[in-house]
Amino acid sequence: MNPFRPLAPCMAGIIVAKYLCMPYWFDGNNLIGQSAATVRADPRICRAFLTTLARYRKMRGGQFLVYFDGDDPGPGMMVPGIAVRYSAPLSADRAIVQRLQEIRTPSEVIVVTNDRELSRRSRQTGASTLDWTQFVAKMNSRFASQNSPEKPQEKVDVDEWLRFFGIENTD
């Protein structure tokens, strides 16, 4: 998966609407509220976060790239469908901003972080930002809108149908 392509096949090899394929870049340690040392000591924290993201991605599509502080702990952290980058020797914040400055279309990236400074710096490059609460709400609303009927059901006039079929209403 190339997290830097704005329109890549997102679901079952089908190109879907651009907004569904928007690359989301996550500030991993910030969002799980743990330092790189804590995550290294208990990798289950990181794995649980990545698994949560994988469920959102499976449900909604898109390209998910997670930046973590520190060095790559090895293949045990791999979760299908989620790209992970370890930022050492830089901080994840610095790596995200640097990469946004390097790509041609940072406006096609949504950075998800609860860090106000990283949000500000990301927006300066042209990227959009969401905090975790906004991201979850967006994913859930998109899921709800796709599972609702295309158009509202019309109110059925039962008496009209009874008359149409020649049936007397005895109410």
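All of the numbers you see were taken from the coordinates with simple rules; none came from a lab. Not measured: the values here are computed from a predicted model. Here the Cβ is made from the backbone with ideal geometry for all residues, glycine too, and neighbour counts use every protein chain on show.
Once a ≥ b ≥ c are taken as the square roots of the eigenvalues of the Cα gyration tensor of region 37-147, is the result rounded (a/c under 1.5), prolate (a/b larger than b/c) or oblate (a/b not larger than b/c)?
oblate
Quickly work out the Thr133-to-Thr51 label distance, labels modelled 7 Å from Cα along the C-beta direction, and quote it in nm with one decimal.
A separation of 2.7 nm, rounded to one decimal place.
For region 38-102, what is the charge dipole size about the Cα centre, in debye to the nearest 20, if Lys and Arg each add +1 at the Cβ and Asp and Glu each add -1 at the Cβ?
400 debye
How much FRET efficiency would the formula 1/(1 + (r/R0)^6) give for Asn140 and Ala41, where r is the Cβ-Cβ distance and R0 is 41 Å, rounded to 0.05?
According to the calculation, E is roughly 0.80.
Would you mind getting me the FRET efficiency between Gln124 and Arg85? Use the beta-carbon distance for r and R0 = 25 Å, nearest 0.05.
FRET efficiency, Gln124 to Arg85: 0.75.
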